[in-house]
Amino acid sequence: DMEVIATYLHVYFNISGTQEAPVKNVVFNGIGFRDAAYTYLAPHGVPSGGDWGLERLGAIFFQGTEHCMVNASYFERMDGNGIMLSGYNQYAVLSNNEFAWTGSTAMAAWGFTDELSDGGKHGNDGTTGNFPRYTQVLSNIVRETGIWEKQSSAWFQAKSAQSTLKYNIIYNLARAGVNINDGFGGGNEITENIVFNTCRESSDHGPINSWDRQPFLTLVNGGKPGVIPLTNEIHHNFLVSNYGGVKGGVDNDDGSILYANHDNFEIYGWGLKNGIGCGDHRSYNNVHLYLSIGYRGHTNF
């Protein structure tokens, strides 16, 4: 006899507190997860001014937490998102995990601003601090991502700040390996990662993509309300712009400001791309091989 089991859960573990009373120090270590239900027909939102839509769901869902961790765990055939950091989450650590055959995004962070009251005029106000901050994404292997949803990546963030991505190996994706959907508070560091075989089912950007079309008011830069984010640093990565990810190892697209891209080793594609409205961008000490275009952009160096 053969037994067929159909899963219907989008979320296996929901770890939720509040910004005022956060859940602290929850650790998932050495656990295997698989076969969460697909989410491509679930309600989606527009996280911010980037191109992507997203469902605020994940097989492991964190909201209102501090110092939580997912470590040395295996995620296989999660038909939606693997891990979602929603709203207030500080000092989360996602480390030494493997994600394979993920339907949507492996790991995502998505904060809250007030987009509804007073006709949405507070939608760019991030001063409440209700967003992921100080997240560490370390030493993960992410492969075969975006099986069902093509607006997907190994790491996605919107309305988040000061994330660190380090020592990750990312390959075989439908779209970008890393997507930074907005500038928000900035201060992100992406370093010592290997990213290749991205954009296998699209051709919109490169292995690492960013947008910044919408200014946000935050307290991240200096502790006082301001719209100037901290500088983002992308350095010492090994990036291959093959398949459709030909717009350079780092694709700083529309409006992306305050990026320091340096000491990366980049193969194929465009040497450097800056989309419309980009500024305060520094690119130096990178090695580029087998380029199709040296530079394409709309900004000053």
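The values are calculated or read from the model by the stated rules, or taken from the named source; none is laboratory data. Note that the structure is predicted; figures quoted are calculated from it, not measured. No Cβ is skipped: glycine too gets one built from the backbone with ideal geometry, and neighbour counts run over all protein chains shown. Surface areas here come from the heavy atoms of the whole protein model, side chains and all, with no ligands, DNA or RNA. Shrake-Rupley method; radii C 1.70, N 1.55, O 1.52, S 1.80 Å.
For this structure, a couple of remarks:
Each row is one residue, and each column tells you yes or no for (1) in contact with a Ser or Thr (Cβ under 8 Å, 6 or more places away or on another chain); (2) of a type outside the set (Gly, Ala, Ser).
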| site | (1), (2) |
| --- | --- |
| Trp110 | yes, yes |
| Gly119 | no, no |
| Gly123 | yes, no |
| Ala154 | yes, no |
| Asp182 | yes, yes |
| Glu189 | yes, yes |
| Ser202 | no, no |
| Pro207 | yes, yes |
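- Among the residues of the range 134-179, the ones that are open to solvent by 10 Å² or more (accessible area, probe 1.4 Å), assigned to a strand (DSSP E or B) and under 23 Å from Leu230 (Cβ atoms) come to 4 in all.
- Members of the range 123-133 found to be assigned to a loop (DSSP other than H, G, I, E, B), within 16 Å of Pro47 (Cβ to Cβ) and open to solvent by 40 Å² or more (accessible area, probe 1.4 Å), listed by number: Asn124, Asn130
- Residue check, Glu115 farther than 24 Å from Asn261 by Cα, buried (at least 21 other Cβ atoms within 10 Å of the Cβ) and of a type in the set (D, E, K, R): no
- Complete set of residues in the range 92-110 that are in a loop (DSSP other than H, G, I, E, B) and either modelled with pLDDT under 95 or open to solvent by 10 Å² or more (accessible area, probe 1.4 Å) (or both): Asn96
- Single unsatisfied condition, Ala72 versus (1) under 23 Å from Phe99 (Cα atoms); (2) crowded, with 16+ Cβ neighbours inside 10 Å; (3) modelled with pLDDT of 95 or more: (2)
- Tally, over the range 70-85, of residues that are of a type in the set (Phe, Trp, Tyr) and over 18 Å from the mean Cα position of the chain (by Cα): 1
- The strands (runs of 3 or more DSSP E) located wholly in the range 188-276 that include 2 or more residues which are closer than 22 Å to Pro47 by Cβ and open to solvent by 10 Å² or more (accessible area, probe 1.4 Å) occupy 257-262.
- Residue count for the range 38-65 under the criterion of being assigned to a loop (DSSP other than H, G, I, E, B), over 13 Å from Trp110 (Cβ atoms) and open to solvent by less than 10 Å² (accessible area, probe 1.4 Å): the result is 2.
- Condition met for Lys166 (modelled with pLDDT under 95 and of a type outside the set (Phe, Trp, Tyr)): no
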